[in-house]
Structures are given as C-alpha cells and as structure tokens.
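The values are calculated or read from the model by the stated rules, or taken from the named source; none is laboratory data. Treat the numbers as computed from the prediction; the structure is a model and nothing was measured. Backbone-built Cβ (ideal geometry, glycine too); neighbour counts: all protein chains shown.
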Amino acid sequence: MEFPRIQIEQQFTRIQAQTIPRRFELHNELPQLTFERSQPHVEITRTPPQVQIDQTAARASVGFRKMVDLEAYQAQLAMQNSYEYIEKKAEEGDRIGAIENKENPIPDIALESAFPETPEINIASLPAERPQIDVTLGQLSFNFTPSTINYQFTPGSVSGEYQPSRVSISVVQQGYVKITPPPPKISLTV
C-alpha cells in the first residue's frame, strides 16, 4: 500500500549584518601669537666743552702785540715822546733865557744832547699778566624712546565630528516552507 506523501520544501532565511564602526575625528587649530617689536632708541646730543685762551694781554706785556694794539701803543708812545720833547725844549729855552745866570748853558745843553741818558732795559722772560682762560662746560642731553611690542593673539580651536556606529541588517534570502500535499485520489466510481 502506498502512503500519501507530503512534500515539504524549506529554505532558511539568510540575513546579512553590516557594521559601520563609530568614527570620531578631531580637528585641532593651534593658537597663534604674532608680535612685532620696535627697537629702543636713544638719541644723544653732545656739545663738547670749550676752552678759550686769550693771550693778548700776556703777549702784549712781553712786547708782542696785535697790529691794532701795536698801532695804538705806538701812537700813545709818540704822543708821550712829543710831550717830553716839548718839555725838554721848553726847559732848554728857559735855561738859555735865564740871563741872570752868568754861565753859558749852551755847551751843557750840547753835551746833554750828545750823550742822552741810557734808557732803562727790562728783559722779561715771563709775561707780567696771565692769559685769560674761559671755560664753557659741555652739555650732554639724551632722548630715550623705549621699545614697543605689538602683539595679536588668535586662540586655538578644537572641533570634532562624531559619527556613532551603525549596524545595517538586510535580508539576503527570504525563508519559506513549501508544503505540497499529495495529489488527491479520486475514484470515480459510478
């Protein structure tokens, strides 16, 4: 006897899981410090000391005069010599005119004129007057400009991007169960 057979076909469901790992990215921008510096500056102004030595009076006392002073000295000496000569001639005239004296003054006057008095000689190796010394002190002035620093600071920044992990599941093959019953037996009897 033959038993009816049921046919069962089966296919399992197949799934596929795909994981995308998490991703974390950091972008770091470093801070920046820029600066510009000017050098310090010192300006120094100096006037040197001055020493002025005037030796005119000292040299004149030894006999070395400037031309202008020499001309004035010679003019004064000439005037003095003129006055002395006039005085001497006036005295000689008075001596000749004094008739109350019984002597003849002309030989004495001629002798005095022929042999005048020896002049006074003065040899000076050092000047009689000191030179004039004027001292003007020097000056020192300065102007100080300090250095300057100009800076610009840009702070750093940190930015991040986070992407969480994902699991993607998809069905690759659908599962099923197929049951095929046996063909019916029909008896046709009449």
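If you go through the range 32-49 and keep only what is farther than 17 Å from residue 147 by Cα and among the β-branched types (Val, Ile, Thr), you end up with 45, 47. In the range 86-164, counting only strands (runs of 3 or more DSSP E) that sit wholly within it, the ones holding 3 or more residues that are more than 34 Å from the chain's Cα centre (by Cα) and surrounded by fewer than 10 Cβ atoms within 10 Å (Cβ to Cβ) span 157-163. Residue check: is residue 86 hydrophobic (A, V, I, L, M, F, W, C), within 30 Å of residue 146 (Cβ to Cβ) and not assigned by TED's automatic domain parsing to the domain that holds residue 157? Answer is no for this residue. Look at (1) loosely packed, with under 10 Cβ neighbours inside 10 Å; (2) of a type in the set (Val, Ile, Thr); (3) not assigned by TED's automatic domain parsing to the domain that holds residue 159 and you find that residue 53 fails only one, number (1). For the range 1-23, a tally of residues being loosely packed, with under 10 Cβ neighbours inside 10 Å and part of a strand (DSSP E or B) returns 6.
Kindly indicate whether any position in the range 62-75 is assigned to a helix (DSSP H, G or I), touching a residue at least 24 places away in the same chain (Cβ under 8 Å) and not hydroxyl-bearing (Ser, Thr, Tyr). Checked the range 62-75: at least one residue is assigned to a helix (DSSP H, G or I), touching a residue at least 24 places away in the same chain (Cβ under 8 Å) and not hydroxyl-bearing (Ser, Thr, Tyr). Take the residues in the range 58-85 that are modelled with pLDDT of 85 or more and of a type in the set (Gly, Ala, Ser), then tell me which one is surrounded by the most Cβ atoms within 10 Å (Cβ to Cβ). My answer is 72.
Restricting 34, 47, 118 to those that are touching a residue at least 40 places away in the same chain (Cβ under 8 Å) and outside the structural domain of residue 151 (by TED's automatic domain parsing) reduces the list to 47.
Specify which of the listed residues (52, 39) is over 30 Å from residue 167 (Cβ atoms), in contact (Cβ under 8 Å) with a residue 24 or more places away in the chain and in a loop (DSSP other than H, G, I, E, B).
39
Give the residue, chosen from 152, 163, that is more than 30 Å from residue 33 (Cα to Cα) and not acidic (Asp, Glu). That would be 163, the only listed residue that is more than 30 Å from residue 33 (Cα to Cα) and not acidic (Asp, Glu).
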